[in-house]
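Before any comments, here is the structure.
FYI, it's all coordinate maths here, none of it is from the lab. This is a predicted model, so every value here is computed, not measured. Glycine also receives a Cβ, built like all others from the backbone with ideal geometry; neighbour counts cover every protein chain displayed.
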Amino acid sequence: QVRLVESGGGLVQPGGSLRLSCAASGFTFRRYGMSWSRQGPGKARELVAKITTTGGSNYADSVAGRFTISRDYDKNTAYLQMNSLKPKAEAVYSCAARIGTTDVWGQGTRVNVTS
């Protein structure tokens with residue numbers, strides 16, 4: 001059974017940092033691209049970052065230079081390092097595995113950015 005479990009969300013002040021984790025199981029992690037998306041209150045889901053099987057990455061313009069996506073093949077885990085967080089980054093962050101033509105999602109982890 002394919003499963004993605006996110007963790008690492010929480011409350012952070014503007015300008016702070018968080019690292020989100022996405023633990024994968026039930027599929028061959030190294031064979032599929034991974035991504036992080038977010039959905040803020042009353043907003044549509046936004047793709048934040050994605051990483052290929054060989055480590056190539058892409059970012060939304062809104063986070064480029066501040067967020068870093070990575071993956072650990074030994075731990076079957078994807079990460080999203082978020083620095084210089086802004087209040088508008090407040091959202092539920094979810095990871096996804098691109099398996100074939102389907103995105104499989106985790107349940108998400110909430111990030112609150114407030115002073």
Throw me the Rg/Rh for the range 18-76, computed over C-alpha atoms with Kirkwood Rh, two decimals. 0.98
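By how many nm would the segment from Arg66 to Phe27 lengthen if fully extended, with 0.36 nm per residue of separation less the alpha-carbon distance?
Details: separation 39, 0.36 × 39 = 14.04 nm, distance 2.99 nm.
Roughly 11.1 nm would be gained on extension.
So if R0 is 30 Å, what FRET efficiency would Ser84 and Thr54 give, r being the distance between their Cβ atoms, rounded to the nearest 0.05?
My answer for the efficiency is 0.65.
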Where labels lie 7 Å past Cα in the beta-carbon direction, separation of Asp74 and Ser115 in nm: 4.1
Alpha-carbon centroid distance for the pair the range 5-46 / the range 50-113, whole angstrom: 5
How big is the charge dipole of the chain about its Cα centre, in debye rounded to the nearest 20, if each Lys and Arg gets +1 on its Cβ and each Asp and Glu gets -1 on its Cβ? 60
